[in-house]
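These notes are about the structure you will find just below.
The values are calculated or read from the model by the stated rules, or taken from the named source; none is laboratory data. Keep in mind it's a predicted model, so treat the numbers as computed, not measured. Backbone-built Cβ (ideal geometry, glycine too); neighbour counts: all protein chains shown.
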Amino acid sequence: MPPRFFSVLLPITVAWLTGCSATPHRTAIAPADLLASTPNIEWCGTLSLPGEWQDGTPVGGLSGLGWDEDEAMLFLISDRGWLHRARLTFDGSGELRDYEPLDTYPLRGEDGAILASAESDAEALSLENADDGIRGNTQLVIGFEGGAESDTAGNVESNARWQRFLPSGIASEPTHRPEGLLGIQSNGGLEAIASLPGHGLVGGIENPPDDWPEKVTRLFTLDDRQAWRYPLAANANSALTAMESLDGDLLTLERAYTPPASIVIRLRRAHLDDDGGVEISELARLSNSDGWSVDNFEGLTHIGEHRYLMVSDDNFSLRQRTLLSCFAVKDIDPKAQ
């Protein structure tokens, strides 16, 4: 779940007009000279999505992405428990040009009932069987951040968990609550999931768990076989918001927000060591104080080769934007950092 900040990157009137449009439009997260200043990252287009489609379907609060190569379809989840499906258009040079909404479903439990509001805080998404050449067998692995709740005896627990879903948004199995989720903070739990060769599904905690060092958070396999200590960036309030695979390592997305207006987005490469340590290579630092028109980026997905998409959560605020940005990782050798 993101901090409730307000972007000051655009005048309020412009953001309001953008939010009222029911169609995506092309934009940029920086001037051309800044886009060219990230040697490890090549940018391939950005779209600004509307606050709702023409039929009134809400688009905001997006927190996770998943690309289905077999279906050529993008899945998007929101922290209000919505699952969106869309088609993308790229031009001949690979530039992201358009977004076509297909349909939207509320997330439902195994019994078919729509998830209650307190249980619908979907923050992390990874797809299984989405690139095996077989259509129709994709499974969605969704992580729920979960908030603190009390049982009848007054004991405070968290409903953070992960679960598999069908592409229609219906749960296909019971929930899982691994030990890797112990000690998570309210509004700082399971924020990232990625499938990593040799390890399987790996989860990432947004903020340091209880009794952990201030700038270290936990990565762990969802089956609890292994865990790692991930060093967050030095920026104040830096938090892990998404992960994806990158040639045997992880591509991580971090967001740092310092009130009233400072926003820093980092793309980093993380190598997981056998001893539980994590080696970090910086790929890009995007700060609004340097001229980047960034927002609350929270979702990340791999779309082929070394190309990725990331999406921002607008918190349903007219002062923020839902941005869908395409980029490619150019320097794939961590030793070159």
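A few remarks follow.
- Top-ranked residue of the stretch 121-173 - restricted to ones that are at pLDDT below 95, hydroxyl-bearing (Ser, Thr, Tyr) and in contact with a strand residue (DSSP E or B) (Cβ under 9 Å, 6 or more places away or on another chain), ranked as surrounded by the most Cβ atoms within 10 Å (Cβ to Cβ): Ser158
- Each residue in the stretch 292-331 was checked for being modelled with pLDDT of 95 or more and out of contact with any strand residue (DSSP E or B) (no Cβ under 6 Å at 6 or more places or on another chain), and 1 of them qualify.
- Of all residues in the stretch 17-27 being surrounded by 16 or more Cβ atoms within 10 Å (Cβ to Cβ) and either of a type in the set (Ser, Thr, Tyr) or over 14 Å from Pro58 (Cα atoms) (or both), the one that is modelled with the highest pLDDT: Thr27
- The listed residues are Ser238, Ser245, and the only one of them that is within 22 Å of Phe144 (Cα to Cα), small (Gly, Ala, Ser) and surrounded by fewer than 18 Cβ atoms within 10 Å (Cβ to Cβ) turns out to be Ser245.
- Pairs are defined by a Cβ separation below 6 Å, a sequence spacing of at least 6 or placement on different chains, a first member in the stretch 172-194 that is on the phi > 0 side of the Ramachandran plot, and a second member that is surrounded by fewer than 16 Cβ atoms within 10 Å (Cβ to Cβ) and part of a loop (DSSP other than H, G, I, E, B); the pairs so defined are Gly183/Asp210.
- Residue selected from the stretch 275-289 under the condition crowded, with 17+ Cβ neighbours inside 10 Å and farther than 24 Å from Phe220 by Cα, by the criterion modelled with the lowest pLDDT: Asn288
- Qualifying residue in the stretch 71-80 (condition: surrounded by fewer than 20 Cβ atoms within 10 Å (Cβ to Cβ), under 18 Å from the mean Cα position of the chain (by Cα) and not small (Gly, Ala, Ser)): yes
- Test: residue in the stretch 249-262 that is in contact with a helix residue (DSSP H, G or I) (Cβ under 9 Å, 6 or more places away or on another chain), at pLDDT 95 or above, charged (D, E, K, R) and on the phi > 0 side of the Ramachandran plot: no
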